[in-house]
Every structure is written in structure tokens, then in C-alpha cells.
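The values are calculated or read from the model by the stated rules, or taken from the named source; none is laboratory data. Here the structure is a predicted model, which is why all the values come from computation and not from measurement. Ideal geometry is used to build each Cβ from the backbone, glycine not excepted, and the neighbour counts take in all protein chains shown.
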Amino acid sequence: MRAADLIGKQPDATPSYPAMLAPGLIDPEYETPAGIVGPNGKSAVKRYNVYRNNVTVSLIDAMAAAFPATQRITGVEFFRAMARFYVRAIPPRSPLLFEYGHEFPDFIERYEYARPMPYLADTARVERAWLDAYHAADELPLATQSLARIPPEFLADVVFVAHPATRIVRSQYRALSIFVANRGGGPVERIEASVPEDTLVTRPDQEVTVRRLPPGGAEFLTQLLMGQPLGDAAARALETSPDFDLARNITGMIEAGVFASLRAGGRP
Amino acid sequence: MNAVTPIGNLTPHLRLRFPAFSASALAGTSFKHEHLQVIVDQGKHEGFFEVHAENYMGAGGPPHRALEQIRTDHPISIHGVCMSIGGQEPLDAVHLERFRALVARYEPVLVSEHLAWSTHESTYFNDLLPLPYTKATLVRVADHIDHVQETLRRPILLENPSTYVAFSGSTMSETDFLGALVRRSGCGLLLDVNNVFVSATNQGFSAVDYLAEFPLSHVGEIHLAGHAEQTDDEGGLLLIDSHDRKVADLVWALFEGVVARCGPVPTLVEWDSSIPEWPVLRAEAEAAQAILDRHASDNCRSADAGR
């Protein structure tokens, strides 16, 4: 009990029951806390374990619901063991469980047993981005004709505002192809994983969509999402990918609903 | 073109206005997204739906579309699962504001939370954890309920928990504790009859005695659900509040006893895992409705007066 709690208050008959019960809920090394009992002198060990089990299993279930393709790749047993380590290492800090698991892809990268699957972390990143997009704020995407209304001499200065659902996941592996193949229940053919693939996740209306970005596309969109003007973003994309196709990328990003609005007339 | 010119469609998402409904004397079910299509296809029915508040605290997207569709034709109840009202720390102001906004947006007929805690030192445990029943916890829980009710500007219903352990430091019974909370905070109660049965079995008391002591005139909603069976350290029966199957016969019997005493109260059948096809869940609600209808002329006032 902190000193402040003692000032001007009745001393608590059972000080800090959450502090007593909490540690063992996540860490199996802790013994059954003192102060809790079963009826008629019965032991509280299995009774307390009901809470331990509820906490860990429900959080593992939440991870399985958020990362179904990752679980399909690893198999249920592997996934649940990995998620159990994750839940114990990084328990949720928000009661909104659909926001849980943002550190899971980084955790997978460090998880020893997942090393034979170097594409797994990026696949999980696509799944996490998918869930972010699913719950993102409702906003209409930029209308197709909006850019056509800008006089050509001002195009290079146009600045875009991101749609709340937009996410980009860059990977040295075919993370998107692996995600798509494993997200459903159908048969999965062999995928040559070691080909870089950049994923664009959007939700122009209610349905989350994923698509592969063309060469230079990720660089281009990342610049635009950071608020760089169209001309600068295109120049940067061309520097990194000589076969960057500006017209194709602009059409693609408008169709996908990457942006909510645009500002013509200079930097914000 | 020096001025910043906003171009593009900036129309915000249209917020729907919902009709006013009553859920009095109605039975309802948990709302699960896998049932949305069949519920919509079958059209309006007499009954209400309950949702866990946290599932609709995302900024937007399909969950809100689903809830809007359901709310257009039916009364809904918003059931908070993780306010941690029974905790020792002050309530999470951000979470409380999200809760307020959700209630303001969907105008539910019922709003409820749990006598339990789920967050400690910023770790969220995703379970309804128990607290000792003492003067000190009573004062704090009542303060937390006041805080919620002042924020929402309406009373809430507080649910009795399923428990697996007791605290050697408790100095009050659960029913006395709940009664005192009602007097101090003006909140109502959500009587979960399955929780009473589960706790009674696990803690070795009589469910009938517990219900006899329960402040029934303050019950604004009843919950029913299925439970699973395990064993304790001594090999005795230990019940788990699993919400994954039909309501047990003995729980139905306790429910009928409660309704006979206090008359029909909005009653919800909860089913949160191993979700069945819609007709199975709906049939459970219809069974509850039949019991409510049988006691349509009873009411709490006369039941209390006769005690």
C-alpha cells in the first residue's frame, strides 16, 4: 500500500487484492496467493488456476482470431505455444483486444523456433495491418475525378491526406501471397517465399482490400503518406525504382482508396 | 493558387438516428456477427440484443455497420466487460469516455457493467476478477459507480459475478454488498442467475438462500447462460461460467422462481463461445420469454410486500 493511501482513509482490511492476485495470472512461476480460500477449508489452488487459465487462454484465443493465416502456416499447436510466450512477455495494456498484438510480428522475428520461417513475421504484419484497417474510422475515399480537376501546372505540388484505413507493409518475402493463400481454408500451393513483395491495405468502404504494389509503389505512397508533394514523391520513387510507372501508380492509389482528400496549392 | 483549397469528398459518415424501444418483459440474446444475415433476413422480432461494449469501441468499420443494422429494428443492451469497477485504481478516463460515446451513439435501453476488476497497473487481464467484500471496497466501488453514472448521466446495472475463490478478509456477504451499493450509488442490478448457480456450487452455499436475500426490486435485467463442469483440488464439482452451451435445467428452475417473485424483467441468454446456429440461440430466448409471459401479472412490489 502506498503512503498516500493511508492519509485520510480507513486502512483497508485487505490491502491491494489486485496486487496480490495479478502476478500469478500471467506468470506460472507464482504460487497461489495468500488470502484467497475455497469453502470449508478447501484449497484454492485449482480455483485460482481457473483465473490463470481464463486469462492466458482467452488472450491466446484473441491472438488466434487476429492472426489466422499465421496460425495456419505454423499449425495450431506451434502458434498457441508461441502466442503463450508472447502473452506472458507482452500482456495487453488496453482493454480493446482488437488493438492487441502490434508487437507480435517483432516478437516472431525474435522467436527462436520461428527462424525456419523468415517470412512469418511479415505475414503477421499484413494480418495486423488488415485488422487496423477493419476497425479504422469511416471516411469516404478521394473521388476518382478529384485529381483530374487540378490544372497540370499545379499537379506537382498536390499534397494528399491519408485515408484512416491505409497501411503499407514492405517485405523481403512474398508476405502478401502467403497471407492471401493462408487466410482462407482452400489448398495452398508451394510459394517461392524469397521474392520481395510490398502490400497495400485499404478499406475504401466496408471491405478491407489487399493488393501488391508495383515497383517503386511503396516508396511513392510512403512519401505521399508522409505529406510530401506529388512531384517530390514521384522523383523519389524513380530514384529507387527506374521502372516506376507514375500514371499506373496514381490510378492504382485512387482506385484503392489510399487517400481521403488532397490539397492543391502547396505544402500544408 | 496560393490558398489551401480542400478538394475531394469530405462528407463525414452519416450518423443514424434510431427509434426508441422498450425491452420491458422481453427476452433477448447476445448479438453475434455470424447471425447478422439470418436475423436481418427474418426481419424484426420481439426481443432485444446485447453486445459487449468493447467490441464496438473501434473508430469505424463493419462492427458499427452490423450494430446499426441490429439497432434499427431492435432494442439493444450495452454490456461493459472491462471497466474494472471493482479495481483499486481510479477508472480509466479514456475508456470511460469511449463508453460514454458508445452509449450516446446507440441509445441502448440497458447499460450494465460487472462487480469485478480486470486491469491492474496498466495490464489488462481480460477476465472478471474477484474482490473482497469489505467496508473499504464498498466505498471505492460505490465511488466508481458514481463516476460512471455521472459520466453517462444515467444509472447502470451492476452484475453479480461468477466466483471460484473467496477472500479470507471479506466481512460482508455478496448480497449485502450489492444491496449497500444500490443504496449508496442508486445503481440497479443485473442478476445473472447462472453466476449465482456457479458461485453457489463453487463456494458451497445455497443458490435459493442467496436469491432470497438478493435485492430483487432493484433488478433491471436478468442473465442466463450455460456453464461447464470441472473438479476442484479435492475432487469436488467446480463450475466454470463458460457461456458455451444451453442453460442448465437447474438454472431455468431458479430463473422461474425469481420471475415468480418479481415479475417479468428483461432477460438475456448469453452465448459467447462455441456459438450455435441462430435458431438454437433464439430457441433459448423463446424459452425464457415463455417463462416471462407466464408471470406477466406478477411484480416485484407485491412480491416484496408479501415477504
Worksheet item: Considering A:Ser194, A:Ser177, which residue is outside any helix (DSSP H, G or I) and of a type outside the set (A, V, I, L, M)?
Response: A:Ser194
Worksheet item: What is the one condition in (1) of a type in the set (S, T, N, Q); (2) part of a loop (DSSP other than H, G, I, E, B); (3) closer than 20 Å to A:Arg47 by Cβ that B:Thr171 does not satisfy?
Response: (3)
Worksheet entry | Residue list for region B:122-149, filter: at positive phi and crowded, with 24+ Cβ neighbours inside 10 Å | B:Asn126
Item to complete: Using the structure shown, decide if B:Ala228 is surrounded by fewer than 18 Cβ atoms within 10 Å (Cβ to Cβ) and over 27 Å from B:Gly80 (Cβ atoms).
Response: no
Discussion item. Tally up the residues in region A:122-157 that are over 29 Å from B:Arg15 (Cβ atoms), crowded, with 16+ Cβ neighbours inside 10 Å and without any contact (Cβ under 8 Å) to a residue 60 or more places away in the chain, please.
Written reply: 4
Worksheet item: Looking at B:His227, is it at positive phi, in contact with a strand residue (DSSP E or B) (Cβ under 9 Å, 6 or more places away or on another chain) and not polar (S, T, N, Q)?
Response: no
Fill in: helices (runs of 4 or more DSSP H) (entirely within region A:14-106) containing at least 1 residues that are under 20 Å from B:Asn126 (Cβ atoms) and away from chain B (no Cβ under 14 Å)
A:68-74, A:76-89
Fill in: Yes/no for A:Arg211 being away from every other protein chain (no Cβ under 14 Å) and in contact with a helix residue (DSSP H, G or I) (Cβ under 7 Å, 6 or more places away or on another chain)
yes
Worksheet item: When you look at B:Leu36, is it in contact with a helix residue (DSSP H, G or I) (Cβ under 6 Å, 6 or more places away or on another chain), within 13 Å of another protein chain (Cβ to nearest Cβ), assigned to a helix (DSSP H, G or I) and at pLDDT 95 or above, yes or no?
Response: yes
Fill in: Only listed residue being in contact (Cβ under 8 Å) with a residue 12 or more places away in the chain and more than 22 Å from A:His135 (Cα to Cα), chosen from B:Glu34, B:Glu68, B:Glu46
B:Glu46
Discussion item. Name the residue that is surrounded by the fewest Cβ atoms within 10 Å (Cβ to Cβ), counting only residues in region B:231-247 that are part of a loop (DSSP other than H, G, I, E, B) and within 18 Å of the chain's Cα centre (by Cα).
Written reply: B:Arg245
Item to complete: Determine, yes or no, whether B:Thr119 is surrounded by 21 or more Cβ atoms within 10 Å (Cβ to Cβ), within 12 Å of another protein chain (Cβ to nearest Cβ), of a type in the set (Val, Ile, Thr) and not in a strand (DSSP E or B).
Response: no
Worksheet item: Filtering region A:73-103 down to residues that are hydrophobic (A, V, I, L, M, F, W, C) and in contact (Cβ under 8 Å) with a residue 60 or more places away in the chain, which residue is nearest to B:Glu54 (Cα to Cα)?
Response: A:Val87
Practice prompt. Kindly list the number of the only condition in (1) at pLDDT below 95; (2) more than 9 Å from chain A (Cβ to nearest Cβ) that fails for B:Leu158.
Written response: (1)
Item to complete: Tell me which residues, restricted to region B:73-116, are hydroxyl-bearing (Ser, Thr, Tyr) and either out of contact with any strand residue (DSSP E or B) (no Cβ under 9 Å at 6 or more places or on another chain) or assigned to a loop (DSSP other than H, G, I, E, B) (or both).
Response: B:Ser84
Discussion item. Can you tell me which residue is farthest from A:Val57 (Cα to Cα) among those in region B:102-116 that are out of contact with any Pro (no Cβ under 8 Å at 6 or more places or on another chain) and within 13 Å of chain A (Cβ to nearest Cβ)?
Written reply: B:Arg105
Worksheet item: Among the numbered criteria (1) closer than 30 Å to B:Asp233 by Cα; (2) touching a Gly at 6+ places or on another chain (Cβ under 6 Å), which single criterion is violated by B:Leu191?
Response: (2)
Item to complete: Out of the residues in region A:228-268 that are over 21 Å from A:Asp138 (Cα atoms), of a type outside the set (D, E, K, R) and within 14 Å of chain B (Cβ to nearest Cβ), state the one that is surrounded by the fewest Cβ atoms within 10 Å (Cβ to Cβ).
Response: A:Pro268
Response to the item:
Filtering region B:251-276 for residues that are outside any helix (DSSP H, G or I) and in contact (Cβ under 8 Å) with a residue 12 or more places away in the chain leaves a count of 13
Worksheet entry | Sole residue being modelled with pLDDT of 95 or more, within 21 Å of A:Ser194 (Cβ to Cβ), out of contact with any Lys or Arg (no Cβ under 7 Å at 6 or more places or on another chain) and not aromatic (Phe, Trp, Tyr), chosen from A:Glu139, A:Glu127, A:Glu103 | A:Glu127
